[in-house]
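Colleague: Mind having a look at this structure? Questions to follow.
The values are calculated or read from the model by the stated rules, or taken from the named source; none is laboratory data. Everything numeric in this text was worked out from a predicted model, so none of it was measured. Ideal geometry is used to build each Cβ from the backbone, glycine not excepted, and the neighbour counts take in all protein chains shown.
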Amino acid sequence: MLSSKEKQIIQTAIRDIHDFPEPGIVFKDITTLLNNADAYATLMQHLKQRYETYNLDFVAGIDARGFIFGSALAQMLHLGFVPIRKKGKLPHDTVSESYDLEYGSDEVEIHIDAFRGIKNAKILLIDDLIATGGTAEAAVKLIQKSHGECVEACFILGLDFLDGQQKIQELTRVYTLIGID
């Protein structure tokens, strides 16, 4: 469990950018968390302690900010890291999953051999933020389609006023460090 002191250290290191990318939006900028060594270390140590007993096979991160947390955590846990990327960004044969956007759709992909042939590989999915949950839902389904088991989806920030976390809880457990009302 994240202590109130740890939560404060992490939360105060995240900058709010008002009216980005459009008026009325408050963007949560994690670059200030990443360049604050103490806050980033606090976050990563918490995640390491949480997941070191999960008996995971891989950590998967969603393009692109999930790569930052996921690859560091995978290294700390001595696991392989698997990138889940937007369509057309991976160089080898892939499996894809589409999801709906407000206007249109998009796709995420994973290499066909991402889990190195391990059936029912135990995967932690990680990203920086969960909002409506479309990308995360597609990522969980992609892991399942690739014969992996998503044991939990972890998000640094969760927009509690949207239904993304509930959507993902229908597919796997969800852990969000900081909820935003």
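Colleague: Run down I110, I118, I156 and say which single residue is over 16 Å from the mean Cα position of the chain (by Cα) and among the β-branched types (V, I, T).
Modeller: Working: I110 fails: over 16 Å from the mean Cα position of the chain (by Cα); I156 fails: over 16 Å from the mean Cα position of the chain (by Cα).
After ruling out the rest, the residue left standing is I118.
Colleague: Just give me the residues in region 49-71 being part of a helix (DSSP H, G or I), under 20 Å from A121 (Cβ atoms) and in contact with a helix residue (DSSP H, G or I) (Cβ under 9 Å, 6 or more places away or on another chain), in sequence order. Even if it seems obvious, please write down each step before you answer.
Modeller: So the first thing to find is which residues in region 49-71 are part of a helix (DSSP H, G or I), and the list is 49-51, 65-71.
Okay, now just the ones that are also under 20 Å from A121 (Cβ atoms), so 50-51, 66-67, 69-71.
Across region 49-71, the qualifying residues are Y51, G66, F69.
Colleague: Please go through region 69-106 and pick out each residue that is surrounded by fewer than 18 Cβ atoms within 10 Å (Cβ to Cβ), over 20 Å from E149 (Cβ atoms) and in contact (Cβ under 8 Å) with a residue 24 or more places away in the chain.
Modeller: Within region 69-106, M76, K89, S98, D100, L101, D106 meet the criteria.
Colleague: Hey, another quick one. Return the residue satisfying two criteria in turn: it lies in region 8-46 and is in contact with a Phe, Trp or Tyr (Cβ under 7 Å, 6 or more places away or on another chain) and assigned to a helix (DSSP H, G or I), and of such residues it is farthest from S71 (Cα to Cα).
Modeller: Only one residue fits best here, namely L33.
Colleague: Given the criteria modelled with pLDDT of 95 or more, of a type in the set (A, V, I, L, M) and farther than 18 Å from G80 by Cβ, does V151 qualify? Spell out the reasoning first.
Modeller: Values: modelled with pLDDT of 95 or more: yes; of a type in the set (A, V, I, L, M): yes; farther than 18 Å from G80 by Cβ: no.
Considered against the rule, which asks whether it is modelled with pLDDT of 95 or more, of a type in the set (A, V, I, L, M) and farther than 18 Å from G80 by Cβ, V151 comes out as no.
Colleague: Here's another thing I want to ask about it. If you go through region 45-66 one residue at a time, do you hit one that is surrounded by 14 or more Cβ atoms within 10 Å (Cβ to Cβ) and without any contact (Cβ under 8 Å) to a residue 24 or more places away in the chain?
Modeller: Scanning region 45-66, I find no residue that is surrounded by 14 or more Cβ atoms within 10 Å (Cβ to Cβ) and without any contact (Cβ under 8 Å) to a residue 24 or more places away in the chain, so the answer is no.
Colleague: Of the residues in region 156-172, how many are within 20 Å of D100 (Cα to Cα) and in a strand (DSSP E or B)?
Modeller: 2
Colleague: Next up: Being out of contact with any helix residue (DSSP H, G or I) (no Cβ under 9 Å at 6 or more places or on another chain), buried (at least 20 other Cβ atoms within 10 Å of the Cβ) and closer than 28 Å to L34 by Cα, is that true of even one residue in region 117-126?
Modeller: Just the residues of region 117-126 that are out of contact with any helix residue (DSSP H, G or I) (no Cβ under 9 Å at 6 or more places or on another chain), to begin with: 117-120, 122.
Pick out the ones that are also buried (at least 20 other Cβ atoms within 10 Å of the Cβ) and you get none.
Within region 117-126, not a single residue is out of contact with any helix residue (DSSP H, G or I) (no Cβ under 9 Å at 6 or more places or on another chain), buried (at least 20 other Cβ atoms within 10 Å of the Cβ) and closer than 28 Å to L34 by Cα.
Colleague: If you don't mind, there's one more thing I want to ask. What number of residues in region 68-88 are farther than 15 Å from A136 by Cβ and in contact with a Cys (Cβ under 9 Å, 6 or more places away or on another chain)?
Modeller: Residues in region 68-88 being farther than 15 Å from A136 by Cβ and in contact with a Cys (Cβ under 9 Å, 6 or more places away or on another chain): 1 in total.
Colleague: Give the number of residues within region 164-181 that are of a type in the set (S, T, N, Q) and surrounded by fewer than 16 Cβ atoms within 10 Å (Cβ to Cβ). Step through it out loud before you land on a result.
Modeller: In the first step, residues of region 164-181 are kept if they are of a type in the set (S, T, N, Q); the result is 165-166, 169, 172, 176.
Keeping just the survivors that are surrounded by fewer than 16 Cβ atoms within 10 Å (Cβ to Cβ) gives 166, 169.
Matching residues across region 164-181 total 2.
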